[in-house]
Amino acid sequence: MNRSNPSRSALRDFLASESAGGILLIFAAILAMIVANSSFGAVYHDAIHAVTGPVLTDKLGPMTVHLWINDGLMAIFFLLVGLEIKREFVDGRLASWDRRRLPFIAAAAGMAVPAALYMIFAGSTPGLAQGWAIPAATDIAFAMGVLALLGKRAPTSLKLFLVTVAIVDDMGAVAIIALFYTAKINILALGAAAAILGVMFACNRTGVKSLILYMLMFALLWYAMLLSGVHATIAGVLAAMMIPFERTPGAPDSATSPLHRLEHALHPWVAFAIVPLFGFANAGVDVSGLTAEQIFAPLPLGIAAGLFIGKQIGIFGSVWLSVKLGIAGRLRGATWLQVYGVAMLCGIGFTMSLFIGGLAFPGDALLVEEAKIGILMGSLLAALVGFAVLRLAPLHQQHGAVEAQTNGEIAADGDVRDTSESGSIATQ
């Protein structure tokens, strides 16, 4: 796998890798479903849960392929998420409150409404209330993969809106995992994690730029978090906050910035290996004996309703209301129907929803499988309907001119000036 040139735009690199990686994730999920429902189903499940390592913590027991992927490799996924969050807040599309306003409002509504719908459908059933956060997440890679299938019909402003909303959404998901899906705390291990984080902070402040050193400390931080009871993947986000970053306002990314270098290096591995592998290991649900009663059981129905109905209501409704109240401007070069289509795609909760589903019902294989059914149903409906809406929606009357202007802005300084109607090209 070739490493990207650090001097390239992180935005352009992100859109390219997420789109292609999202398509690969779609195929990985489909392949998992095919294998799980074939004569190789038993082999698939045995391989995923095969013991492959020592006991790192009594809570998890012997390490398996599934644990290495979900608790190990996904920490690298969260490391990349953290790097993206930091870059966007310090020197990106979330660097000012004016640019944060709409993504924050949309992401908040896009998490609250699905969670509320889940509780309406499933919250009253004993033992299911803790699954409320499963439909609250949006899968950036999967949604970008669907947008990539639309080619040039998808306005760049919609892609950037989807990315920023999903990044804020990821922040919310990380907070939820840390606050609501944390087991009994081991104070000694948590103290060790805090000490390692303190050393990383000191290295940052004293100008240390060695990525090898930061990655070694990240590995130690991951193990300390694993022992602490806080989910180990949170180490990825915490470590990302400590990686040195060189701001380049109005200019392309710095080739010497450790954060930019690490982000560019991780993108292809996460997009083309880690996330598809996670999808393949977690999407394999045996539906051969599935009945209507199981499909419409409270848990899968609540998740599917939250993703498919809750996301579109929360995100599109909040965007429409924000524009009507003058809180934010309309997206450049995008019609309302296209905005609705992207709001629908935000209902694809695949990767993060599967991850939270495993945390919500630990040790209960039946409920985890039911959660997967709901996630697959809701995400599939959101993907198909969102794609159809965007494929059939008429393009904005100035689509070509706005796209040319946006591409010019990205080529000039690696980002766009604005994704709202405040751009120099008038929009309807």
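Annotations for the structure displayed:
- Of the residues making up segment 29-46, just one is of a type in the set (S, T, N, Q) and either outside any loop (DSSP other than H, G, I, E, B) or exposed (fewer than 12 other Cβ atoms within 10 Å of the Cβ) (or both), namely Ser39.
- Check on Trp97, without any contact (Cβ under 8 Å) to a residue 12 or more places away in the chain and either open to solvent by less than 60 Å² (accessible area, probe 1.4 Å) or not polar (S, T, N, Q) (or both): yes
- Cross-chain or 6+ apart pairs with Cβ under 8 Å, segment 104-120 first and within 16 Å of Ala382 (Cα to Cα), then among the charged types (D, E, K, R) and crowded, with 18+ Cβ neighbours inside 10 Å: Gly110/Asp169; Gly110/Lys311; Met111/Asp169; Val113/Lys311; Pro114/Lys311
- Residues of segment 334-347 that are at pLDDT 90 or above, open to solvent by 10 Å² or more (accessible area, probe 1.4 Å) and part of a loop (DSSP other than H, G, I, E, B): none at all.
- Whichever residue in segment 193-237 is of a type in the set (S, T, N, Q) and under 25 Å from the mean Cα position of the chain (by Cα) and, among such residues, is modelled with the highest pLDDT: Ser228
- Leu290 under 18 Å from the mean Cα position of the chain (by Cα), among the hydrophobic types (A, V, I, L, M, F, W, C) and either open to solvent by 10 Å² or more (accessible area, probe 1.4 Å) or on the phi > 0 side of the Ramachandran plot (or both): no
- Of the candidates Glu409, Glu403, the single residue that is at pLDDT 60 or above, assigned to a helix (DSSP H, G or I), open to solvent by less than 50 Å² (accessible area, probe 1.4 Å) and under 13 Å from Thr156 (Cβ atoms) is Glu403.
- Check on Pro276, of a type outside the set (Asp, Glu), more than 28 Å from Arg101 (Cα to Cα) and surrounded by 24 or more Cβ atoms within 10 Å (Cβ to Cβ): yes
- Residue check, Leu149 of a type outside the set (S, T, N, Q) and over 14 Å from the mean Cα position of the chain (by Cα): yes
- Candidates Ala426, Ala393: the one that is over 21 Å from the mean Cα position of the chain (by Cα), small (Gly, Ala, Ser) and modelled with pLDDT under 70 is Ala426.
Yes/no per residue for (1) of a type outside the set (Phe, Trp, Tyr); (2) at pLDDT below 85; (3) touching a Cys at 6+ places or on another chain (Cβ under 8 Å):
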site	(1), (2), (3)
Ser19	yes, yes, no
Ala36	yes, no, no
Thr57	yes, yes, no
Gly72	yes, no, no
Arg100	yes, yes, no
Gly110	yes, no, yes
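- So Pro155, is it open to solvent by less than 10 Å² (accessible area, probe 1.4 Å), over 23 Å from Gly378 (Cα atoms) and touching a residue at least 40 places away in the same chain (Cβ under 8 Å): yes
- Residue that is surrounded by the most Cβ atoms within 10 Å (Cβ to Cβ), among those in segment 348-379 that are under 22 Å from Lys59 (Cβ atoms) and of a type in the set (D, E, K, R): Glu369
- Candidates Ala137, Ala141, Ala133, Ala106, filtered to the one that is open to solvent by less than 10 Å² (accessible area, probe 1.4 Å), under 23 Å from Arg332 (Cα atoms) and not β-branched (Val, Ile, Thr): Ala106
- Filtered residue count, segment 238-256, keeping only those that are at pLDDT below 90 and of a type outside the set (D, E, K, R): 8
Matching residues to (1) surrounded by 15 or more Cβ atoms within 10 Å (Cβ to Cβ); (2) touching a residue at least 12 places away in the same chain (Cβ under 8 Å); (3) among the aliphatic types (A, V, I, L, M):
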| residue | (1), (2), (3) |
| --- | --- |
| Ala195 | no, no, yes |
| Thr206 | no, no, no |
| Ala232 | yes, yes, yes |
| Ala255 | no, yes, yes |
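- Any hit, segment 161-176, residues being open to solvent by 60 Å² or more (accessible area, probe 1.4 Å), hydrophobic (A, V, I, L, M, F, W, C) and without any contact (Cβ under 8 Å) to a residue 24 or more places away in the chain: no
The values are calculated or read from the model by the stated rules, or taken from the named source; none is laboratory data. The shown structure was predicted, so the numbers you read here are calculated from the model rather than taken from an experiment. Neighbour counts are summed over all protein chains in view; Cβ atoms, including those assigned to glycine, are modelled from backbone coordinates with ideal geometry. Areas reflect the complete protein model, heavy atoms only, side chains present, ligands, DNA and RNA absent. Shrake-Rupley method; radii C 1.70, N 1.55, O 1.52, S 1.80 Å.
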